[in-house]
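Everything below concerns the one structure shown next.
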Amino acid sequence: MRPLLFFFLGSAAALATPSPDVTVSDVKGLLSAVASIGPGKTILLAPGTYVLPNRMPITNAGTSSAPALIASLRGPGTVVIDANGAEEAFLVNGGSFLRFEGLTITGGACHAIKVDPPSTDVVIINNRFYDNTRTPMLNNQVSAVKGDPGAARVTVENNIVEQIASFGGDNFQGIDCNAGVDWIVRGNTVRDIRGASLSGSGIQFKSGSTGTVIENNLVLRCGLNGIVYGGFGNPAWGKQKHEHVGGVVRNNVVAECADAGITCINTSDGKVVNNTLYNNGHNPDVRIVARNLEFRNNILDWPIEFRDGTTGAKLNNVVLRKPSDANWFVNAAAADFRLRSDAPLAPDLGATLSKKPARSGGGRAGLKLAHEALARGDLAKAYRHFESAAGEGGEEELVAQARENMKKIEQAALGRLKEAQALEAIGENVDAISAYQDLLREFAGVPAAQEAKLRIESLKKTPPAKK
C-alpha cells in the first residue's frame, strides 16, 4: 500500500501503516472477526441486526499500547445484537484492553456482556442493553453487565441499561459484580430493573469487591434497591473480610425504586457523597457492618437508617420534607434533579447530574483520542472521535477544530476515491477493486468509504472484459 501524507494540527506528518480494521455486515463475518481479535484490531459493525447462533467468547484482545475495539460503524442505535437465548452475547474471559462501543444488545439468557478473570482493562461505553432475561430458570443471577471475581479495571460508562419486557426472576440487577477490582461505573442510565415482587436492583457490587467508583448514574424505578454498596455475597471470593472495601458512591440520582435508594451492606472504608435520592420506598440504610463509613452532602428522601447496630459518619446531609417533594429540583418529572436557583440549599449538596449526562469521547477527551489516532495513522478511529466531539457540542473552538479535521479526512478519502475511479474508468478493474478495498479499510465511517463499498460490489458482479 502506498504511503499517504496527512496533517496533524496544521502540520504534515507521514502516516504509519493503518491498523488491522475490519468492517462486518453479517453474523458470519462478526463471528470470524471476534474469533481472530487481537492487539490493535477494530471490528466495526455495519447497521443491521445480528442474530447469534451462540455466545462469542473473547480470550485474547488488545494490549496497553494497542487496544482492541468492537463498535458500531454508524454509532449508537444502528446495530442490534440479538444473543438469541445464549447466556450472554460476549463472554470476555481473558481478553484485556478491549472496548465495546455503540452496540444495542438484547436476547441474552442472563447477560449482555460478562467479564471473567483474568480479564482486565475492559471499557463498555455508549451502548444500550435491554431484556437480556431469556433464561427459563428464574433463580439464575441475571444482569446486563456481569463481573466475576478478579476481573479488574473495568469501566462501564454512558450506557442505557433497562428492562422492557416483564421478568419473574428474583436475583436481578442491571450491573452486578462479585469481587471486582477497581471498576468504574459512570454516567449510566439504569431503569426499570424489575423482577419478581420486591426484586431488581440497579447497580450492585459485593463479595469482596474493592475500589469501585459508582458515579454520575441515573437509576430509576427499580423493583428493589437503586444502588447496593456491598451486599449478601461471599467476601472470601475477593480475599476480603467485608462485602465491599474502599471506593465511593457519588453524584448519583436514584428515584422511585421500591426499597432503598442506596443501601450499604457490610462495607469498609466507604464513602457515600453528593447523591440525590427522590421518592424511593424506604430509608437509605446501613446494615450488618459499616467500618469507617462516611455519608456526606447527600439530599435524601428519607432519613438514614442504621440497622443491626451499625454506625457511620453523617455529615451535612439534608432530607426532603416528604419523599416526593420536588420543589427544590429543576424538573423531577423529567428526571432533571439539578437544584433550582431559588432552592434554599447550599450548591454543594446533592448530585449535579442532569437528565442527559455528556457522553464520554466528546469535547477535549474526544479530541485527544482523535489526535492520538491520527498520530498512529488510524484515520477511521480519528474520524469517529472527531465526529463524536463535534456532535456533543460544547466549546465552539473545540467543535470547530473537530469539524475542520473531519473535513480534511473526508477530502483525503475523496482523493483516494477519485484515484480508484480513474483505474475503473480505464478498465483496470482488478486494480480498482484493490484501491477501493484499501480506501474502505483505511477510511471506515467516512462518506467516501460507503461509495467505495458500493463500487466493489458492482465491479465484482461485472463480467471480465474480453481480450
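The values are calculated or read from the model by the stated rules, or taken from the named source; none is laboratory data. Just so it is clear, the structure is predicted and the values come from calculations on it, not from any experiment. Note: ideal-geometry Cβ built from the backbone for every residue, glycine included; neighbour counts use all protein chains shown.
Do any strands (runs of 3 or more DSSP E) entirely within the range 218-260 hold 2 or more residues that are modelled with pLDDT of 95 or more, at negative phi and surrounded by fewer than 24 Cβ atoms within 10 Å (Cβ to Cβ), and if so, which? Step through it out loud before you land on a result.
On the way: elements: 218-220, 227-230, 248-250, 253-255.
Answer list for the range 218-260: 248-250.
State all residues of the range 52-77 that are β-branched (Val, Ile, Thr) and touching a residue at least 40 places away in the same chain (Cβ under 8 Å); if no residue qualifies, say none.
Going through the range 52-77, the residues β-branched (Val, Ile, Thr) turn out to be 58-59, 63, 70.
Selection gives Ile58 alone.
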Modelled with pLDDT of 70 or more, outside any helix (DSSP H, G or I) and closer than 24 Å to Val123 by Cβ: is that true of Gly427 in this structure? no
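Which one of Asp285, Asp269, Asp308, Asp325 is among the acidic types (Asp, Glu), surrounded by fewer than 23 Cβ atoms within 10 Å (Cβ to Cβ) and within 28 Å of the chain's Cα centre (by Cα)?
Going through Asp285, Asp269, Asp308, Asp325 in turn, the sole match is Asp269.
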Determine if the range 291-305 includes at least one residue that is polar (S, T, N, Q), crowded, with 22+ Cβ neighbours inside 10 Å and either closer than 20 Å to Leu349 by Cα or assigned by TED's automatic domain parsing to the domain that holds Gly202 (or both). yes
Name the residues in the range 144-160 that are crowded, with 24+ Cβ neighbours inside 10 Å and either within 22 Å of Glu243 (Cβ to Cβ) or of a type in the set (Ser, Thr, Tyr) (or both), would you? Ala144, Val145, Lys146, Gly147, Ala151, Val154, Val156
Subset of the range 73-93 (residues that are modelled with pLDDT of 95 or more and small (Gly, Ala, Ser)): Ala83, Gly85, Ala86, Ala89
Quick one: is Ser207 more than 30 Å from Ala333 (Cα to Cα) and either in contact (Cβ under 8 Å) with a residue 40 or more places away in the chain or assigned by TED's automatic domain parsing to the domain that holds Gly233 (or both)? yes
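Name the residues in the range 199-217 that are in a loop (DSSP other than H, G, I, E, B) and either farther than 22 Å from His111 by Cβ or in contact with a Ser or Thr (Cβ under 7 Å, 6 or more places away or on another chain) (or both), would you? Working first, answer last.
Of the residues in the range 199-217, the ones in a loop (DSSP other than H, G, I, E, B) are 199-200, 207-208, 211-212, 216-217.
Hits for the range 199-217 are Gly211, Asn216.
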Filtering the range 57-85 down to residues that are surrounded by fewer than 22 Cβ atoms within 10 Å (Cβ to Cβ) and part of a strand (DSSP E or B), which residue is nearest to the chain's Cα centre (by Cα)? Val80
Just need a number here: residues in the range 403-438 that are hydrophobic (A, V, I, L, M, F, W, C), crowded, with 17+ Cβ neighbours inside 10 Å and either outside the structural domain of Glu457 (by TED's automatic domain parsing) or under 18 Å from Phe386 (Cβ atoms) (or both). 4
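From the list Arg455, Arg384, exactly one residue is surrounded by 16 or more Cβ atoms within 10 Å (Cβ to Cβ) and modelled with pLDDT under 80. Which is it?
Numbers: Arg455 fails: modelled with pLDDT under 80.
The match here is Arg384.
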Which residues, taken from the range 170-183, are part of a loop (DSSP other than H, G, I, E, B) and either at positive phi or buried (at least 20 other Cβ atoms within 10 Å of the Cβ) (or both)? Ala179, Gly180, Asp182, Trp183
